[in-house]
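To keep things clear, I will list the structure first and then write my remarks on it.
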Amino acid sequence: MGFFSKMITGMSKKSDRSCDRRIEGYIEACENLYNLSVSMYPDKDPHEHLVIVLCTIWIKSGVYKTTEINKPAQAQEIVAYTLFPACLPSQERVRVLAYKIIMEDQELSSRFSTGFPEYYKEYSKVSKSIWDAKRNGSLIDLYSRYNKNKLHQLILFPPCKTHEKENDNTTTQNNKTLPGNIVSEVSRMIGQVSKTVTQRRIMLTI
C-alpha cells in the first residue's frame, strides 16, 4: 500500500462525516495549521510550513507516527507532494494543499468536482498555472520567489552538469538522498505544532 493510500484509507475508516463536511474540514484544518505554523515559526519558508501542515494532519489522524515520516522514502514523497503549493502566493498555497489531499480520495474527489464547483475551479486554474511553469522551465523562479532557503532550492532544482561524469554522479546522488533533509529539518517543529494543537484543543475536523 502506498504512502498516501494508507493515509486516506486510515482516515476514511475513522470518519463517518458526510463528504461535504469532510471537504470543508480538510480546507479548514490546513488553513488553521498553516496559520499556527507561521505564527510559531515566522522565519521559515512556505515549503517548510506546508510540510509541517501535512505531517501534523497525518500525526493527529493517527495514521502515522512522527518517527515514521522521517524515513527517507516517506520524506521524499512529502517534499514532492508539497512542492507545487510552495510555488504559490500565500492566499493560494494552503488551499491547494488541501485540494491535493482531497483529490487523493476517490469518494471525496467526485463530490469535490460536483458539489463544490467553485473550489474545483480554483484548484484547476491554479494547478494549470503551475504545470505551465513546469513545462516552460520557470518553476524554479516561482519557487525561489517565495522560498529563500538556498539549500532547499539546490536540492529540489539541482544544476545540470552533463559535461563532467563526476559531477553528474554527485548530482544524481544528491537528488536521491537529500530531499528528506527538508523534513528532517522541521521534524522538531512538526512535533511541537502537533503538541500545541493538543494543548490548545484545536479541532481538526477531518
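The values are calculated or read from the model by the stated rules, or taken from the named source; none is laboratory data. A quick note: this is a predicted structure, and the numbers were derived from the prediction, not measured. We place every Cβ from the backbone using ideal geometry, glycine too, and count neighbours over all the protein chains shown.
Before moving on, here are some points about what is shown:
- Scanning the stretch 121-143 for residues that are at pLDDT below 90, in a helix (DSSP H, G or I) and over 18 Å from the mean Cα position of the chain (by Cα) turns up at least one hit.
- Helices (runs of 4 or more DSSP H) within the stretch 51-120 that include 1 or more residues closer than 14 Å to Glu24 by Cα: 90-103, 106-115
- First in the stretch 20-47 and farther than 19 Å from Arg201 by Cβ and in a helix (DSSP H, G or I), second anywhere and modelled with pLDDT of 90 or more and of a type in the set (Gly, Ala, Ser), Cβ under 9 Å, 6 or more apart: Ile23/Ala98; Tyr26/Ala98; Ile27/Ala98; Pro46/Ala86; His47/Ala86
One line per residue, one yes/no per condition, for (1) within 15 Å of Val193 (Cβ to Cβ); (2) crowded, with 16+ Cβ neighbours inside 10 Å:
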| residue | (1), (2) |
| --- | --- |
| Leu50 | yes, yes |
| Val53 | yes, yes |
| Gly62 | no, no |
| Glu68 | no, no |
| Val79 | no, yes |
| Leu83 | no, yes |
| Val94 | yes, yes |
| Lys100 | no, yes |
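So that you can scan it fast, the table gives a plain yes or no per residue for (1) in contact with a Pro (Cβ under 9 Å, 6 or more places away or on another chain); (2) under 16 Å from Arg188 (Cβ atoms); (3) among the hydrophobic types (A, V, I, L, M, F, W, C); (4) at pLDDT 80 or above:
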site	(1), (2), (3), (4)
Asn35	no, no, no, yes
Asp43	no, yes, no, yes
His47	yes, no, no, yes
Ile59	no, yes, yes, yes
Gln76	yes, no, no, yes
Glu92	yes, no, no, yes
Lys100	yes, no, no, yes
Leu108	no, no, yes, no
Phe112	no, no, yes, no
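- Reported count of residues in the stretch 149-206, each being modelled with pLDDT under 75, within 20 Å of Asn70 (Cβ to Cβ) and touching a Phe, Trp or Tyr at 6+ places or on another chain (Cβ under 7 Å), is 0.
- Restricting the first member to the stretch 128-149 and to residues that are within 26 Å of Glu185 (Cα to Cα), and the second to residues that are of a type in the set (D, E, K, R) and not in a helix (DSSP H, G or I), the beta-carbon pairs closer than 9 Å and six or more apart or on different chains are Tyr146/Asp45; Asn147/Asp45; Lys148/Asp45; Asn149/Lys44; Asn149/Asp45.
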